[in-house]
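Worksheet for the structure shown next.
The values are calculated or read from the model by the stated rules, or taken from the named source; none is laboratory data. A quick note: this is a predicted structure, and the numbers were derived from the prediction, not measured. Here Cβ is always computed from backbone atoms with ideal geometry, including for glycine, and neighbour counts include all displayed protein chains. Calculation scope for accessible area: heavy atoms of the full protein, side chains included, ligands and nucleic acids excluded. Shrake-Rupley method; radii C 1.70, N 1.55, O 1.52, S 1.80 Å.
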Amino acid sequence: MVHASRLPVAVALAFYSCACMFAQQGKLDSMQHVAEVVVTQQLTYREVIPHQSLKGEALQRLSSLSVADALRYFSGVQLKDYGGVGGLKTVNVRSMGSHHVGVFYDGVEVGNAQNGVVDLGQFSLDNVEEVSLYNGQKSAIFQPATEFGNAGSVYIRTRRPKFSEGEHRHLRTAVKLASSDMLRISSLWEERISASLCSSLNAEVLSSSGKYKFRYRRKNADGSVAYDTTAVRQNGDIWAVRLEGNLHGLFNGGGWALKGYTYHSQRGIPGAIVSNVWRRGERQGDHNSFVQLSGQKAISSSFSTRWLAKYAYYNTHYVNRDSTTRHVDNRYRQQEVYLSSSNVVELLPGWSASLSYDFRFHTLRADLPLFAYPHRFTNLMSVATAYNHRRFSIQASLLGNSIKDHARTLVSRKSTQTLTPALFMNVAPWSAVPMTVRAYVKKSFRMPTFNDLFYTDMGNAALNPESAIQYNIGVNYSTLSQPRSTRVSLSMDVYYNTVHDKIVAYPKGQQFRWTMLNLGRVHIKGMDVEAQVIQQLTPTWRLDVRAQYTYQDARDVTNPTDTYYHHQIPYVPWHSGSLVVGVASDRWTLDYSFIYVGKRYNQQENIRYNYMQPWYTNDVHGSYSFKWGKKRCRLTAEVNNLLDQDYDVILNYPMPKRNYAVGLTVEM
């Protein structure tokens, strides 16, 4: 076990050496010895607030195509899905809103100052090794200042090359065929260039017609049937290509990583099914690219530093050729520059402190008449400290935000400065009982986006910044029993969030267009319950059961004179949950997953006309692994929405009925 006073060094070396580590069956050299240090146990011990995660084989065995699909199985999450392979997919954690969720790709946040929402459907699971969800923030003080600022965070960690003795190259090709004429082809090439340098190149092509059958049934306010018909979803096609290259290197006391990423797509926007309109003329093209560089070095046994740099360019082309509406053909070009420096020092054994500074610059251009051409300067600085005892951990942080907006055609907005503190605690009351009690309180803040403030068709310059305070208390119990190696984990969290000047975006009949407004004040009460049982049934077969349940009461408490005062806010169900049951051996896997979302309302008023029925889905996934010469092969088959459920996640955006997929992966 790594001593606490040497933890910054161990973390720095182990984190980067895993990118190029290779297992020796003979004598180990110094670099390999570092890779074998059991750092994960110490990191888990130091983590004040545990996180939810899906990784490795468990992640690949779910009937999931993108990161958004995987997040459905986490507690406290509401996924907004507009349907189909190419439909927009965003995540909302504990009813705080998608804008309060930070998305981090290999440690660097994915920014979008244009609308503040990250489309998780753009991130394929093909090359992803782990997806994690943190409530509050990641409970580690050695991180960029940006990571202290979100009410919740999604971390996407891609695969890093790992080589055995004598290996220098890995090749993998995967093909997947599915309903809606979907074809996905991906390939991965990993190369060990030297003992301290390795690379990977991943490419993927996705194509789908987006056509699927759905049932459209709506009732009038008096209960009579207004519509009841079966149709085929139109204009939901997508063609996308993703290319990602990585270099991972080691040097004395640390390492570095360089990533280049580009995503290009052309897709139809099927739009809402309203007024008996089944086909629309909206299309969207995305050309998103970024390059990011990260490095970390242990300066001494008690001091480590980390730096990040990123440049991103996003080009969105929106076209509406619908004959019933005004013709639109616009381009939006967004650029981002991000720099970060993080530093941590071990003051005393078990007591550490950190100082981080981040700088962001965003600019947005468009070929719209009278466009504001906004740009934003963001400076963030954080100070944090953590103390870890054998049965007690505490962490405190303070984040300072300084944001300045400029616009070419409008009067510049004043600068905004805020301080957002956070306090996290974790206690193990009894040494003989494997149970911990955790609690935290945190304030978070987010500025309105460029869309919110400046867009001619949807902007609202009168919007106020949105702030929130989170309170959470929870317990966790986990144990491992013999003789069948049964591992049981149970956890429960109760939370209370308050949101002031909450900004809500509603579709305006066109998926790319939004209506922005401040709800004012929202009070959110909730509970997350999670359970997992892993049991070794036989020497070759294992059972894995995961279940989660979420209760949320999120009410608008802005104005007692409003007709919707104290009503549940739109699209937040009171009850939701999921269940995953899987059995696996060396060659076979079989998994069943169930997702349930209870009743909710699609507008502010909780009246019968706005009521949305509960929905559920049943999915089955199986695989068989075998060898073909020196190649390792894996066949997969899945049936999604097994019982052919008709449902909408978002009103008038019907989801696919029963659908199928088969795949083949070959590695060498």
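Worth a mention:
- Considering residues of the stretch 538-560 that are over 19 Å from Arg61 (Cα atoms) and among the aliphatic types (A, V, I, L, M) only, the residue farthest from the chain's Cα centre (by Cα): Val557
- Meets criteria (touching a Gly at 6+ places or on another chain (Cβ under 9 Å) and of a type in the set (A, V, I, L, M)) for Ala140: no
- Only one entry of Gly663, Gly629 meets the criterion of being under 27 Å from Glu190 (Cα atoms) and open to solvent by less than 40 Å² (accessible area, probe 1.4 Å), and that entry is Gly663.
- Residue count, the stretch 326-375 (criterion: among the basic types (Lys, Arg), open to solvent by 20 Å² or more (accessible area, probe 1.4 Å) and either in contact (Cβ under 8 Å) with a residue 12 or more places away in the chain or under 23 Å from Trp256 (Cα atoms) (or both)): 3
- Test: residue in the stretch 159-168 that is part of a strand (DSSP E or B) and more than 30 Å from Ala353 (Cβ to Cβ): yes
- Test: residue in the stretch 572-589 that is open to solvent by less than 40 Å² (accessible area, probe 1.4 Å), among the polar types (S, T, N, Q) and over 20 Å from Val91 (Cα atoms): yes
- Residues of the stretch 421-432 that are modelled with pLDDT of 85 or more and assigned to a loop (DSSP other than H, G, I, E, B): Ala428, Pro429, Trp430.
- Test set (1) touching a Gly at 6+ places or on another chain (Cβ under 6 Å); (2) part of a loop (DSSP other than H, G, I, E, B); (3) among the polar types (S, T, N, Q) - Thr636 fails condition number: (2)
- Contact annotation: residue pairs with Cβ atoms under 7 Å, 6 or more positions apart or on different chains, pairing a residue in the stretch 529-552 that is without any contact (Cβ under 8 Å) to a residue 40 or more places away in the chain with a partner that is surrounded by 15 or more Cβ atoms within 10 Å (Cβ to Cβ), are Val545/Gln532; Val545/Val533; Val545/Val581; Ala547/Ala531; Ala547/Leu579; Tyr551/Gly526; Tyr551/Met527; Tyr551/Trp574.
- Taken over the stretch 599-626, the criterion of being assigned to a loop (DSSP other than H, G, I, E, B), within 17 Å of Met655 (Cα to Cα) and open to solvent by less than 70 Å² (accessible area, probe 1.4 Å) is satisfied by Asn602, Pro614.
- Breaking point among (1) surrounded by fewer than 23 Cβ atoms within 10 Å (Cβ to Cβ); (2) over 27 Å from Gln645 (Cβ atoms), for Leu59: (2)
- Residues of the stretch 118-147 that are assigned to a loop (DSSP other than H, G, I, E, B), open to solvent by 30 Å² or more (accessible area, probe 1.4 Å) and modelled with pLDDT under 90: Lys138, Ala140.
- When the stretch 254-284 is filtered for residues that are within 30 Å of Ser304 (Cα to Cα), under 27 Å from the mean Cα position of the chain (by Cα) and not hydrophobic (A, V, I, L, M, F, W, C), the ones remaining, listed by number, are Gly255, Lys259, Gly260, Tyr261.
- Scanning the stretch 225-253 for residues that are small (Gly, Ala, Ser) and either under 23 Å from the mean Cα position of the chain (by Cα) or open to solvent by less than 20 Å² (accessible area, probe 1.4 Å) (or both), we see that the one that is nearest to Phe290 (Cα to Cα) is Gly245.
- Restricting Asp286, Asp222 to those that are farther than 30 Å from Ser196 by Cα, open to solvent by 30 Å² or more (accessible area, probe 1.4 Å) and of a type in the set (Asp, Glu) reduces the list to Asp222.
- In the stretch 408-420, the residues that are at pLDDT 80 or above and of a type outside the set (Ser, Thr, Tyr): Gln417, Leu419
- Residue within the stretch 283-301 that is out of contact with any His (no Cβ under 7 Å at 6 or more places or on another chain), among the basic types (Lys, Arg) and closer than 28 Å to Asn252 by Cβ present: yes
- In the condition set (1) surrounded by 17 or more Cβ atoms within 10 Å (Cβ to Cβ); (2) within 24 Å of His51 (Cβ to Cβ); (3) at pLDDT below 90, Thr486 is compliant with all but (1).
- Pairs are defined by a Cβ separation below 6 Å, a sequence spacing of at least 6 or placement on different chains, a first member in the stretch 606-617 that is free of Cβ contacts under 8 Å to residues at least 40 places away in the same chain, and a second member that is open to solvent by 40 Å² or more (accessible area, probe 1.4 Å) and not in a loop (DSSP other than H, G, I, E, B); the pairs so defined are Tyr616/Tyr596.
- Cβ pairs under 7 Å, 6+ apart, first in the stretch 383-403 and within 17 Å of Thr418 (Cβ to Cβ), second basic (Lys, Arg): Ile403/Arg376
- Selection within the stretch 355-369 - polar (S, T, N, Q) and modelled with pLDDT under 95: Thr363
- For the stretch 521-554, a tally of residues being surrounded by fewer than 19 Cβ atoms within 10 Å (Cβ to Cβ), of a type outside the set (Ser, Thr, Tyr) and assigned to a strand (DSSP E or B) returns 16.
- Candidate set: the stretch 172-211, residues that are in contact (Cβ under 8 Å) with a residue 40 or more places away in the chain and more than 25 Å from His621 (Cβ to Cβ); chosen: the one surrounded by the most Cβ atoms within 10 Å (Cβ to Cβ): Cys198
- Test for Leu177: is it outside any loop (DSSP other than H, G, I, E, B) and closer than 20 Å to Asp237 by Cα: yes
- Qualifying residue in the stretch 254-267 (condition: open to solvent by 30 Å² or more (accessible area, probe 1.4 Å) and touching a residue at least 60 places away in the same chain (Cβ under 8 Å)): yes
- Residue in the stretch 311-324 that is open to solvent by 70 Å² or more (accessible area, probe 1.4 Å), under 27 Å from Phe142 (Cα atoms) and in contact (Cβ under 8 Å) with a residue 12 or more places away in the chain present: yes
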